[in-house]
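My questions all concern the structure below.
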Amino acid sequence: MEINTINAALFAKMFLAGAKNLESKKEWINELNVFPVPDGDTGTNMTMTIMAAAKEVAALEDPTMEVLAKAISSGSLRGARGNSGVILSQLFRGFTKGIKKYEEIDVAILAAAFQKAVETAYKAVMKPKEGTILTVAKGAADKALELAENDISLDDFLKQVIEEADAVLAKTPEMLPVLKEAGVVDSGGQGLVQVLKGAYDAFLGKEIDYTVEPAESTKKAPAQEKEAPAQAEIRFGYCTEFIIMLEKEYTPQTEQEFKGFLESIGDSIVVVSDEDVVKVHVHTNDPGKAISRALTYGSLTRIKIDNMREEHQEKLIKDAAKVAEQQKFEEEERKKMVPPKPVGFISVSIGEGIGEIFRELGVDYLIEGGQTMNPSTEDMLRAIEEVNAETIYILPNNKNIILAANQAKLLTKDKEVIVIPTKTVPQGITAVVTYSAEASVEENTEAMSEEIKNVKTGQITYAVRDTHIDDKEIHEGDIMGIGDHEILAVGKEIQDVTLETIALMDADDAELITVYYGEDTKAEDAEKLEQALTEKYPSCDVEVYAGGQPIYYYVVSVE
């Protein structure tokens, strides 16, 4: 039987299948990373982005297209990691805008939604580069628009759109010379194609495991075998239920935090939100704590507490309510007494030593991450909420995190968020040092943005595979010195490669060389490097710190 339209149930299956297919291919996609460094992460970032949305979808029961679209858009936006993940989330955001008003979608609606997806994603990237995931998405969207003008079946439409995406992907090495030199196609584009292929398999009715763990705390507790009362051990004794009549803003992030709190005090948790009300069910040993937290979001109704150990419940309800009201009053009073400070800083950090440096410089909140694990937009939003300041500067310290930071900025309404586009940790440190409490926000933003341009960064690591890039023949296990824009040096010895890398960073004209040594580098080796640099550049200050960063033996800045 030919399928001419896709309803919400089928689309949910297609989305989950696309997510699962990407997840199964993530390591292969990671290996398409142009630089042969041990932290190729495009596949990981895209997978974590789409799985954040997939968990939201998996938690839905019989959703409408609008509810499904909201889950995909919101889940991917907040779960987005890395440039590829942010772009993927923007593609989903645009696509779901194009389908959410329909009960069923056909060829014409799909073609328009593809166009909306590409339009949204291109707008989100300040300088779109062809030969990337954007190009693959655009090729598929243009083909969809062309096909929609003809009388074509939905099956044939989807098949030809994916074939075009695959064809455009194959051409990406011709659009980006760096891909051609490395002998790979664009990894982000490959990730998108795998999502489309997985979704098409579900459309065809192929046997697929759609199992995705629902978003944390939204899944129902598994059924337990009934034991005889005398043998059963009840861990949490009070079945607590109530409805919150919302009086404050209640975002998906708020809900996740509330669910996380409930998990810390109980189990069998169900939290269902609908417009201005939230239905809550939890088994806990302290219902008062659940009620107290719930009262911070609004007033409660239909409170029901059953003592599963047959204890008295009337007094408990009264006491819990009194405690909850008192705690709510004290919390509100405390907040009134702590006004926000004018400016706060959030920085992405790698390694204990580097984190300590940021803290000493006055950074309010550190997000553990960096190249080996890009933090998500959700991580950024959580940090913004924690920093009690009117204006917050975010230092991404990695070019692959800037888009996620900007996305968090757009999602923040109650604070001014400014993203300083730091691409390395040394740039982040320079930005904080440049900040002046006497200058205005505008003056500081300009000064920090300009000063980071004077910082040259080198990173010393090892190759995970053979390749040819930047006119250099690289073999697995070689030591590489990576500059701001290219691989500067390749060799067998860490210190030799480090010294060559620094020399190629115009260190002869520098005033300061700063070295942060990683968790796999011995202090005595760092001291030998410091001595060699001091002898080679006698007119330059040399500073060495224990950075503790993974993957990179040394991170070096030349100023």
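The values are calculated or read from the model by the stated rules, or taken from the named source; none is laboratory data. What you are looking at is a predicted structure, and each value in this text was computed from that prediction instead of being measured. So basically every Cβ, Gly included, is an ideal-geometry build from the backbone, and we count neighbours across all protein chains shown.
Of (1) assigned to a strand (DSSP E or B); (2) at pLDDT below 90, P339 satisfies all except one. Which?
Evaluating P339 over (1) assigned to a strand (DSSP E or B); (2) at pLDDT below 90 leaves (1) as the failure.
Determine which member of the set T498, T445 is assigned by TED's automatic domain parsing to the domain that holds N398, in contact with a strand residue (DSSP E or B) (Cβ under 7 Å, 6 or more places away or on another chain) and either under 21 Å from N398 (Cα atoms) or acidic (D, E) (or both).
T445
Right, G198: in contact (Cβ under 8 Å) with a residue 24 or more places away in the chain and either in contact with a His (Cβ under 7 Å, 6 or more places away or on another chain) or not in a helix (DSSP H, G or I) (or both) or not?
No.
Here is a further query. Considering only helices (runs of 4 or more DSSP H) fully contained in segment 62-140, which possess at least 1 residues that are closer than 15 Å to A12 by Cα, among the acidic types (D, E) and assigned by TED's automatic domain parsing to the domain that holds D156?
The helices (runs of 4 or more DSSP H) meeting that bar are 65-79.
Further question: Of the residues that sit in segment 506-532 and are closer than 19 Å to I354 by Cβ and hydrophobic (A, V, I, L, M, F, W, C), which one is surrounded by the fewest Cβ atoms within 10 Å (Cβ to Cβ)?
So, considering only residues that are closer than 19 Å to I354 by Cβ and hydrophobic (A, V, I, L, M, F, W, C), the one surrounded by the fewest Cβ atoms within 10 Å (Cβ to Cβ) is A523.
Name the residues in segment 340-356 that are surrounded by 22 or more Cβ atoms within 10 Å (Cβ to Cβ) and within 22 Å of T445 (Cα to Cα), would you?
Those that are surrounded by 22 or more Cβ atoms within 10 Å (Cβ to Cβ) and within 22 Å of T445 (Cα to Cα): G344, F345, I346, S347, V348, S349.
Another question, if that's okay. Which one of R382, R293, R334 is surrounded by fewer than 22 Cβ atoms within 10 Å (Cβ to Cβ), modelled with pLDDT under 80 and under 24 Å from K415 (Cβ atoms)?
Details: R382 fails: modelled with pLDDT under 80; R293 fails: modelled with pLDDT under 80.
Going through R382, R293, R334 in turn, just one is surrounded by fewer than 22 Cβ atoms within 10 Å (Cβ to Cβ), modelled with pLDDT under 80 and under 24 Å from K415 (Cβ atoms): R334.
Something else now. Starting from segment 428-449, take each residue that is touching a residue at least 12 places away in the same chain (Cβ under 8 Å) and list its partners that are of a type in the set (S, T, Y) and part of a helix (DSSP H, G or I), counting only C-beta distances under 7 angstrom and pairs at least six apart or across chains.
A447/T434; M448/T434
Among what's in segment 171-187 and is among the acidic types (D, E) and touching a helix residue (DSSP H, G or I) at 6+ places or on another chain (Cβ under 8 Å), pick the residue that is nearest to E486 (Cα to Cα).
Among them, the one singled out is D186.
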